[in-house]
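Working notes for the structure below.
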Amino acid sequence: MDFTVEYEPTPDEVVRAVQQGAKQQLTPIAQLLPAILVVGGVICVLADSRGAGYGMFVAAVITPFVLTWSLRRTARRQFAYLCVPTTLHFTADGYEVRTAQQTMSLRWSFLDRVVTGEEFWLFFKGKKQFTGFLPRRAFTPEQQAALDAVLGAK
């Protein structure tokens, strides 16, 4: 495998990829925080502190929405530098990303897990640490098949 691709990610595409990767990384927190708030709410209601208890119940309900909104907002602001013309060069050992501002190389052996979705390949180091993505739309079907063959083992 040895090919080069040029593309420019859109802001919405970057936000969706980061959101999908972070969702897998933050799932334990996103599940644990509302549960803690519900337990705290029950304790407050039983201790005759109904106002604080009801507040915790409301917080438990809105927490997932706030986390999603916050993640999208942060991704849109912090990852805008990714929305530039990009050249990707792929080999059997890894790939190189080049833009006008930076060049980065990554070996496939660095990745511990790859999640293949309809829109992206999501890269993880360890079980949950999201490290990057590649948009499937940037590749021809033949290139996608070659990448699937290399990344399928992860």
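Annotations for the structure displayed:
- In the range 7-54, the qualifying residues are those that are over 26 Å from Thr74 (Cα atoms) and of a type outside the set (A, V, I, L, M, F, W, C), and the one that is surrounded by the fewest Cβ atoms within 10 Å (Cβ to Cβ) is Asp48.
- Test result for Tyr7, modelled with pLDDT of 90 or more, farther than 30 Å from Pro141 by Cβ and of a type in the set (Ser, Thr, Tyr): no
- For the range 77-87, the criterion of being assigned to a strand (DSSP E or B) and in contact (Cβ under 8 Å) with a residue 40 or more places away in the chain is met by at least one residue.
- Listed by first and then second residue, the pairs with beta-carbon distance under 9 Å, at least 6 apart or on different chains, first residue in the range 101-112 and free of Cβ contacts under 8 Å to residues at least 24 places away in the same chain, second in a loop (DSSP other than H, G, I, E, B) and surrounded by 10 or more Cβ atoms within 10 Å (Cβ to Cβ), are Gln101/Val84; Arg107/Asp93; Ser109/Asp93.
- Odd one out for Phe110 among (1) surrounded by 14 or more Cβ atoms within 10 Å (Cβ to Cβ); (2) over 18 Å from Pro9 (Cα atoms): (1)
- Of the residues Gln144, Gln129, Gln102, the single one that is at pLDDT below 90, within 23 Å of Asp12 (Cα to Cα) and outside the structural domain of Arg16 (by TED's automatic domain parsing) is Gln129.
The values are calculated or read from the model by the stated rules, or taken from the named source; none is laboratory data. These numbers come from a predicted model, not from an experiment. A quick note on method: Cβ atoms are made from the backbone with ideal geometry, for glycine too, and the neighbour counts reach across all protein chains shown.
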